[in-house]
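Accompanying notes for the structure given below.
Where a number appears in this text, it was derived from the coordinates with a stated rule and is not lab data. Please read these numbers as outputs of a predicted model, since none were measured by experiment. Here the Cβ positions follow ideal geometry from the backbone for every residue, glycine too, while neighbour counts run over all protein chains shown.
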Amino acid sequence: MISQKMTEAINTQINNEMYSAYLYMAMSAQCSEMNLSGFAKWFMVQYHEEMFHAMKFYNYLLDQNSAPKIKAIKEPPAKFSDIKEMFEKTYEHEKGVTANIRGLMELALAENDYASQNLFKWYIDEQVEEEKNDVEMIAKLSMAGDSPATLFMVDGFVGARGLHVESDFTKL
Ligand code: FEO
């Protein structure tokens, strides 16, 4: 059993993760509009990862006999000036998510809630990976500069990203 405060904090984080999914879906849509199908796929894979993050929290609440509360998701920005800006915004967003996860861990430590600490450890490791991906992508896009030919090549490279999380949430 977890505290009411912890239940509310996890519910808020479910919403944050759903917003992340929505944000990356918006970015994927814009990439498709720009005929950058590799980047569109990259962001759609990221959408699925965020849904996985949300549902992992959701199932944890159910396992703890606590009720998930489904709240409204705010609208993400619709337009970005270019691909590099998308990844800069992604990186800023993910740093915010890292801070959210740290806040959850601090609450779990303060409450001696060992089960939640175990769960949050998974997310802390995941955030290291997420931020690393963004930093690498920003560096690659900086190297590509304004060259359409190089951007076309990078688009092919990033489109090779596969989905490595469970997308059937009944199996979580
Ligand atoms: Fe769920 Fe991208 O953090």
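To the nearest 20 debye, what charge dipole does region 114-172 have about its Cα centre, counting +1 at the Cβ of each Lys and Arg and -1 at the Cβ of each Asp and Glu? Could you put the intermediate results ahead of the total?
On the way: 5 positive and 11 negative charges, 20 e Å.
Charge dipole, region 114-172, about its Cα centre: 100 debye, nearest 20.
Going by the alpha-carbon gyration tensor, a ≥ b ≥ c the square roots of its eigenvalues, is region 15-114 rounded (a/c under 1.5) or, if a/c is not under 1.5, prolate (a/b greater than b/c) versus oblate? Write down the numbers at each step before the final one.
Details: a/c = 2.77, a/b = 2.01, b/c = 1.37.
Verdict is prolate for region 15-114.
So, in Å, what gap is there between the alpha-carbon centers of region 139-172 and region 83-130?
Here the two parts' Cα centres lie 22 Å apart.
How large is the direction-averaged shadow of the alpha-carbon convex hull of the chain, in nm²? Write out the running numbers ahead of the final one.
Values: hull surface 39.4 nm².
Orientation-averaged projected area of the Cα hull: 9.9 nm².
First measure r as the distance between the Cβ atoms of MET34 and MET143, then evaluate 1/(1 + (r/R0)^6) with R0 = 22 Å and state the FRET efficiency to the nearest 0.05. Please report the intermediate quantities before stating the final value.
Numbers: r = 19 Å, r/R0 = 0.89.
That pair, MET34 with MET143, gives E of 0.65.
With angles folded into 0 to 90 degrees, how steeply does helix 83-110 sit against the dominant principal axis of the chain? Use alpha carbons for both and round to 10.
10 degrees
Cα axis of helix 114-144 to longest principal axis of the chain: angle in degrees, 0 to 90, nearest 10?
The angle comes out at about 10 degrees.
Just rank ILE83, ILE70, fewest to most, by other beta-carbon atoms within 10 angstrom. Walk me through the intermediate numbers first.
On the way: ILE83 23, ILE70 11.
Fewest-to-most Cβ neighbours within 10 Å comes out as ILE70, ILE83.
Per residue of the chain, what 222 nm ellipticity follows from adding -39500 (n - 2.57) for every DSSP H run with n ≥ 4, rounded to the nearest 500?
-26000 deg cm²/dmol
Compute the long axis of helix 37-63 from its Cα atoms, compare it with the longest principal axis of the Cα atoms of the chain, and write down the angle in degrees, 0 to 90, nearest 10.
Relative to the chain, helix 37-63 is tipped by roughly 0 degrees.
For GLU129 and ALA67, what does the FRET efficiency come to when R0 = 22 Å and r is the distance between their Cβ atoms, rounded to the nearest 0.05? If you can, show how the numbers build up before the last one.
Numbers: r = 30 Å, r/R0 = 1.37.
With a Förster radius of 22 Å, E is 0.15.
What's the tally of Lys pairs in region 1-149 whose alpha-carbon atoms lie under 15 angstrom apart, where the two lysines are 8 or more places apart or on different chains?
So the count works out to 8.
With contacts defined as alpha carbon pairs under 8 Å and 6 or more residues apart, what's the relative contact order of the chain in percent?
Values: 169 pairs, mean separation 54.7, N = 172.
Relative CO of the chain lands at 32 percent.
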